[in-house]
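The values are calculated or read from the model by the stated rules, or taken from the named source; none is laboratory data. This one's a predicted model, so the numbers in the text were calculated from it and none came from an experiment. A quick note on method: Cβ atoms are made from the backbone with ideal geometry, for glycine too, and the neighbour counts reach across all protein chains shown. Quick note on the areas: whole protein, heavy atoms, side chains included, nothing else; ligands and nucleic acids left out. Shrake-Rupley method; radii C 1.70, N 1.55, O 1.52, S 1.80 Å.
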Amino acid sequence: MEKKMSESYTVKTSNVMPPDTNNHHTLYGGRLMAYIDDVAAIAARRHSRSKVVTASIDSVDFLEPIHLGDVVILEALVTHTGKSSMEILVKVSKEQLENGTEKKLAAFSFLTFVALDDDLKPLEVPELIPDNERLKWLDETGEERAEHRRHRRERSKALREFFATDLFD
């Protein structure tokens, strides 16, 4: 069972409206994170053709503010797979249509999703076939990112005990 990376490619575009912005008239970071999670979930579902759940969000690197009136463009695709897990890259761009400004990279994020069967148990996903050399690099470097996530998960388990108690005891 194999699938090309391009088969998971998903694009979501939205106008940045006043309710989406903070007091600086830029897109709320939390709103952007919700958009990122949504488009990544669609890409994961396209690849696995199953239910999915977000397992982790590595980080969201905000590179440029996204302003009121901008168009925000999110592009997502599966970049690496494990047995039941899928790493998704979400690339976020902004565009100011009235000013004729070209699209500009505003943020990016890697997320991990797990495919689930009808009993909500992990389900094996198709292997990934990169469409070109650039995408092949993303797949090849995916194992290094997965290893980093495994280490972070172990640290989180250790911190669980610490955070399970009252911080002021």
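One table, with the values for the structure above:
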item	result
Residues located in the range 8-32, provided they are without any contact (Cβ under 8 Å) to a residue 60 or more places away in the chain, closer than 20 Å to Phe108 by Cα and open to solvent by 80 Å² or more (accessible area, probe 1.4 Å)	Asn15, Tyr28, Arg31
Selection status of Ser109, in contact with a strand residue (DSSP E or B) (Cβ under 6 Å, 6 or more places away or on another chain) and of a type in the set (Ser, Thr, Tyr)	yes
Top-ranked residue of the range 33-51 - restricted to ones that are free of Cβ contacts under 8 Å to residues at least 12 places away in the same chain and in a helix (DSSP H, G or I), ranked as most open to solvent (accessible area, probe 1.4 Å)	Arg45
Given (1) under 16 Å from the mean Cα position of the chain (by Cα); (2) modelled with pLDDT under 95; (3) open to solvent by 50 Å² or more (accessible area, probe 1.4 Å), index of the condition Thr54 fails	(2)
